[in-house]
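**Student:** I'd like to ask you about the structure that follows.
The values are calculated or read from the model by the stated rules, or taken from the named source; none is laboratory data. Just so it is clear, the model here is predicted, and its values are computed rather than measured. We place every Cβ from the backbone using ideal geometry, glycine too, and count neighbours over all the protein chains shown.
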Amino acid sequence: MKKLIYITTLLLISGIATASSLTVESDKQEFKDSDNKIYLEGDVKVKNGAINVLSPRAVVEVDPKSNKVNKVQFKENAYSYQMEGGKKHEIKAQILEMSLLKKVFSAQGNTLSSITEKGRPVVIVTADKQEYNKNTNVMKAFGNVNIVYKDVETLSNQAIVDLTKNNDVKRIQLIGNANLKQANSKITAKKLDYDNIKQEAVATGSVFSDIITEDNKNIKVWSEYQSFDKKANVMTASGSTVIKYEDYTARGPKVNVFPDSKTKKLNQAVFLGRSKIETKGRTIEADRISITMNPKDFKAEGNVKSVIPNIGNMK
């Protein structure tokens, strides 16, 4: 027969009613005043407001001075879920720790968290460790972080995800060996920051982008900084910038990549500052170089210098 206890989130024994209670069910419960803990075993079920947690074993830790419940630690394949704003937020881990006063969840070991809407996953995060702060609606993940968000998949050492109160994604920050893949295009950098509200992404540190155009052609970009405006379909790169497109290799301090005004596809790369382009053995330097993809062409302007090798000597 299951044992059922009710623990207020603020006071354990005082009997004073509070707005939200902690309901605990388990096959076995052991109270130890010596270490201020309650040990729960066997089909443990914990409910606190909209939050539900299931696990084989759990430990309730009580602060000896205030008699407040400090935290609850769930062990051996813990599972937590809650429904808010029509979305279901789930967390799975080997160990799941819930701080009631701070409203912080900490998960360790094969962690997986997800947000689903109408039965469909909106965000899935796997990592060695995850932490979710319900007060700030910020989720942090550490170690082998993999995020799947709509049609975007990312990998990184660390990640920070800012959520709205309705569990919609506001911002994703990838830190350390950041990789982002969308459709056939990908970005790698030391750090990548994606603002879902503005639909803008900023990548910094050894940035490489491999962009597949709609006509299945590659635009490869190396630089120290890159920004992407998804709404305008404009990319800016700076810092030792290199672009490769078919037999064109262009280098310069800064480049802006624009879409065609009619098709809205990426079609023009404009280098600003002293730049050079290499193609078919020729090298052209200029203050401004503009490359178009369709029709494939380039134009150099401002103090233009061309080097054409192997034409023989004139005597």
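**Student:** Does ASP162 meet the test of being closer than 23 Å to ALA78 by Cβ, modelled with pLDDT of 90 or more, surrounded by fewer than 18 Cβ atoms within 10 Å (Cβ to Cβ) and among the charged types (D, E, K, R)? Please lay out each step first, then the result.
**Tutor:** Values: closer than 23 Å to ALA78 by Cβ: no; modelled with pLDDT of 90 or more: yes; surrounded by fewer than 18 Cβ atoms within 10 Å (Cβ to Cβ): yes; among the charged types (D, E, K, R): yes.
The answer is no for ASP162.
**Student:** Against the conditions (1) in contact with a Gly (Cβ under 8 Å, 6 or more places away or on another chain); (2) at pLDDT below 95; (3) of a type in the set (A, V, I, L, M, F, W, C), where does ALA189 fall short? Just the number, please.
**Tutor:** ALA189 satisfies every listed condition except (2).
**Student:** Which ones in region 75-108 are more than 17 Å from LYS134 (Cα to Cα) and more than 26 Å from the chain's Cα centre (by Cα)?
**Tutor:** If the condition is that a residue be more than 17 Å from LYS134 (Cα to Cα) and more than 26 Å from the chain's Cα centre (by Cα), then LYS75, GLU76 are the ones that fit.
**Student:** Also, I was wondering about something else. Only one residue in SER240, SER290, SER306 is surrounded by 15 or more Cβ atoms within 10 Å (Cβ to Cβ) and part of a strand (DSSP E or B), so which one is that?
**Tutor:** Working: SER240 fails: surrounded by 15 or more Cβ atoms within 10 Å (Cβ to Cβ); SER306 fails: surrounded by 15 or more Cβ atoms within 10 Å (Cβ to Cβ).
Being surrounded by 15 or more Cβ atoms within 10 Å (Cβ to Cβ) and part of a strand (DSSP E or B) holds for just one of SER240, SER290, SER306, which is SER290.
**Student:** Restricting the search to region 188-237, which residues are farther than 20 Å from ASP260 by Cα, surrounded by fewer than 18 Cβ atoms within 10 Å (Cβ to Cβ) and polar (S, T, N, Q)?
**Tutor:** Matches in region 188-237: THR204, SER206.
**Student:** I'd like to know if region 253-261 contains one or more residues that are surrounded by 16 or more Cβ atoms within 10 Å (Cβ to Cβ), at pLDDT 90 or above and over 25 Å from ILE284 (Cβ atoms).
**Tutor:** No, region 253-261 contains no residue that is surrounded by 16 or more Cβ atoms within 10 Å (Cβ to Cβ), at pLDDT 90 or above and over 25 Å from ILE284 (Cβ atoms).
**Student:** I would also like to ask the following. Can you name the residue in region 262-282 that is closer than 19 Å to ASP210 by Cα and basic (Lys, Arg) and is also surrounded by the most Cβ atoms within 10 Å (Cβ to Cβ) among such residues?
**Tutor:** LYS265
**Student:** Can you confirm whether THR111 is under 18 Å from the mean Cα position of the chain (by Cα), in a loop (DSSP other than H, G, I, E, B) and either hydroxyl-bearing (Ser, Thr, Tyr) or under 24 Å from PRO56 (Cα atoms) (or both)?
**Tutor:** Criteria not met by THR111.
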